[in-house]
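K.L.:
Before anything else, here's the structure in question.
The values are calculated or read from the model by the stated rules, or taken from the named source; none is laboratory data. Since we're looking at a predicted model, the values are computed, not measured. FYI the Cβ positions are ideal-geometry reconstructions off the backbone, even for glycines, and counts take in every protein chain you see.
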Amino acid sequence: MKKLLITSLLAVASFTAVAGNATFEYSSVEGLNGGKDATGYLIQVSGTVAKNLDASAQLLTTQTDGTNSLGSRVELGLTPKLPTAFGSLYTKVAVGEKLTSAGPKEYYSVEPGIIVRVNKDISVRAGYRYRAAFNSAIHDTTRTERLGVSYALTRKDSVNVRFDRVRGDSIQNSWNMAYTRSF
């Protein structure tokens, strides 16, 4: 756990020096089938490391309504992109750690998707994320369908609204609002 946390913090510090952007996100999570509602906060920095290849580091913290229990995840990812005539195809591949009182739980995720630019200020993003623990005895497998819209306020500032439909070991829907600053 400490190794990934230290690596993530170093990545965040490194990306800050050469980052393409930083994103701050708020999530309103609706637990379904008896699951608790929650609030999430995400900080992500990312940058281009090669043509059509981005790297990212993020920290997500959630607080469960009613119990106020906290959960955190740290994650490092690579996202190759393929520009096409109708949009940009991407596949984010990431590894991370879910930090719990019972100890860390390592996981991986794969998210293919597409970003379609509607005009110079608006783009639409659709993706599908599969996330699973490396250890099959840990029940942390989810499939997430996501759809978002981004609006460029300026050349360096944008806002985003995204809906996530999560199924698997967690069953929930979430609305996510984000602000991104490019450097």
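K.L.:
Among the residues of region 173-183, is any within 28 Å of residue 20 (Cα to Cα), free of Cβ contacts under 8 Å to residues at least 60 places away in the same chain and among the aromatic types (Phe, Trp, Tyr)?
P.N.:
No - not one qualifying residue is present in region 173-183.
K.L.:
Does residue 112 satisfy being in contact (Cβ under 8 Å) with a residue 60 or more places away in the chain, over 21 Å from residue 24 (Cα atoms) and either touching a Lys or Arg at 6+ places or on another chain (Cβ under 7 Å) or surrounded by 14 or more Cβ atoms within 10 Å (Cβ to Cβ) (or both)?
P.N.:
no
K.L.:
Which pairs have Cβ atoms under 8 Å, sit 6 or more apart or on different chains, and link a residue in region 64-75 that is within 14 Å of residue 34 (Cβ to Cβ) to one that is surrounded by 15 or more Cβ atoms within 10 Å (Cβ to Cβ) and of a type in the set (Gly, Ala, Ser)?
P.N.:
64/38; 64/71; 65/38
K.L.:
Looking only at region 121-135, decide whether some residue is closer than 22 Å to residue 155 by Cα, exposed (fewer than 14 other Cβ atoms within 10 Å of the Cβ) and among the β-branched types (Val, Ile, Thr).
P.N.:
yes
K.L.:
Name every residue in region 135-154 that is in a loop (DSSP other than H, G, I, E, B) and at pLDDT 95 or above, in order of residue number.
P.N.:
141, 153, 154
K.L.:
Can I ask one more? Identify, from the list 79, 84, the residue that is without any contact (Cβ under 8 Å) to a residue 12 or more places away in the chain, within 18 Å of residue 128 (Cβ to Cβ) and out of contact with any His (no Cβ under 7 Å at 6 or more places or on another chain).
P.N.:
84
K.L.:
Can you give me the number of residues within region 37-57 that are of a type outside the set (A, V, I, L, M, F, W, C), under 15 Å from the mean Cα position of the chain (by Cα) and over 20 Å from residue 166 (Cα atoms)?
P.N.:
5
K.L.:
Starting from residues that are farther than 12 Å from residue 81 by Cα and touching a Phe, Trp or Tyr at 6+ places or on another chain (Cβ under 8 Å), keep the ones in region 47-61 and report whichever is surrounded by the most Cβ atoms within 10 Å (Cβ to Cβ).
P.N.:
Once the filter is applied, the top-ranked residue is 57.
K.L.:
A follow-up question, please. So which residues in region 93-134 are outside any strand (DSSP E or B), within 12 Å of residue 73 (Cβ to Cβ) and among the hydroxyl-bearing types (Ser, Thr, Tyr)?
P.N.:
Of everything in region 93-134, just one residue is outside any strand (DSSP E or B), within 12 Å of residue 73 (Cβ to Cβ) and among the hydroxyl-bearing types (Ser, Thr, Tyr), namely 100.
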